[in-house]
Amino acid sequence: MKSMRGYSDIFTEKLNPNLGFDKKETFDYGLAIEGGVGEMTHLGLNRWPQEDGKLAEIGFKDTSIEYLTETYKLGKHLIHAVCLGLDLPEDTLDAIYEKPLVVNRFLKYPPQNTPQYPQYGQPPQYGQPLQYVQPPQVGQTNEMGAGSHVDFGAFTLVYQEIAGLEVLYNEDQKLIWKSVPPKEGTFVVNSGYILEKLTNGFLSATKHRVINRTNQVRFSIALFLDPNPTTEIEPLPKFVSKENPSRFEKCVSGHKGVIFGNKSIYNSIQDKQNQNK
Ligand SMILES: [Fe+2]
């Protein structure tokens, strides 16, 4: 869970409870950006590793904090841009982001015990469009780096250099998995469940997973931009009408793995999680 802080070893997290444990290592930390939730007790203190050797060389803690701070600024622009794209005032979501929960995660995916490139097909390259992912053949293992899931919050900014991220894509009413190739100088933006809720389903949360089909270790960085966990979330008035009634009950935002109050998104997200495994 990204409600943890610090390092987690491989096979300790199961993003999709219906699948096996994820073959990945993670390091999570958060910051109290703009007075937001940083080192509150329910998330625990940041657990920085002792800096010696290579970590001291790169200034791990300072660099990590700088990365989160700068990427968060980008995220704020993104939130405004999405509001404008939805024909809403750009500050529409500012209130729920007044004290945001911002968590950054470093991820390491060893090559997986799964059909690999090039036997599997041509590996996606920088800048190529989404590519269809062949389903595994009978008898093939299909170990996951990250089991299929939707992100909890509003947005996730993913930095990647090696292919591995796959999204469930609706093509002509047919759901298929597509690889999201890396593209230099870009982030992948995943829309999460809170955004789906705010827009009453207009922007649906992206179901995604990670399978490293290369023979290289894959590193990625995911910045989770979640609103204030104590704020109440419900569909914005623009997306609710007599013809299109609210599909979501008002509830406290909470945080994945952390439930605030009686009603939390965390429960309803489980239903969505079980769709299209
Ligand atoms: Fe995710």
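Quick notes on this structure:
- Given K108/K174; K24/K54; K24/K178; K24/K250, the pairs whose alpha carbons are separated by over 25 Å: K108/K174; K24/K250
- 3J(HN,Hα) along segment 169-180, derived from phi through the Karplus expression 6.51 cos²θ - 1.76 cosθ + 1.60 where θ = phi - 60°, amounts to 10, 8, 10, 6, 6, 10, 8, 9, 8, 10, 7, 9 Hz, with x in place of Gly and Pro.
- For segment 92-108, putting each phi into the Karplus relation 6.51 cos²θ - 1.76 cosθ + 1.60 with θ = phi - 60° gives couplings of 3, 9, 4, 4, 6, 9, 4, 10, x, 9, 10, 10, 10, 10, 8, 10, 10 Hz, in residue order, rounded to whole numbers and with x for Gly and Pro.
- Between L101 and V37, D226, N228, the built amide H atoms are under 5 Å apart, and every one of these is 5 or more places off in sequence or on another chain.
- Sorted by Cβ neighbour density within 10 Å, fewest at the top, the residues D22, D62: D62, D22
- Extended-chain gain in nm, criterion 0.36 nm per residue less alpha-carbon gap, A95 and K250: 54.2 nm
- Spin-label pair V189/Y169, simplified geometry with 7 Å Cα→Cβ offset, distance in nm: 1.9
- For segment 6-13, Karplus couplings with θ = phi - 60° (6.51, -1.76, 1.60), whole Hz, Gly/Pro x: x, 8, 10, 7, 5, 6, 10, 10
- Long-range HN-HN contacts of M144 with modeled amide H, under 5 Å: K23
- Centre separation in Å (Cα based) which lies between segment 58-87 and segment 183-206: 15
- Computed FRET value (nearest 0.05) for I58 with S241, which takes r as the C-beta separation and R₀ as 45 Å: 0.30
Values quoted throughout were computed directly from the atomic coordinates according to the rules given, and no laboratory measurement underlies them. Just so we're clear, the structure is a prediction, and the values are computed from it rather than from any experiment. Don't worry about glycine lacking a Cβ; one is built from the backbone with ideal geometry, like all the others, and counts go over all protein chains shown.
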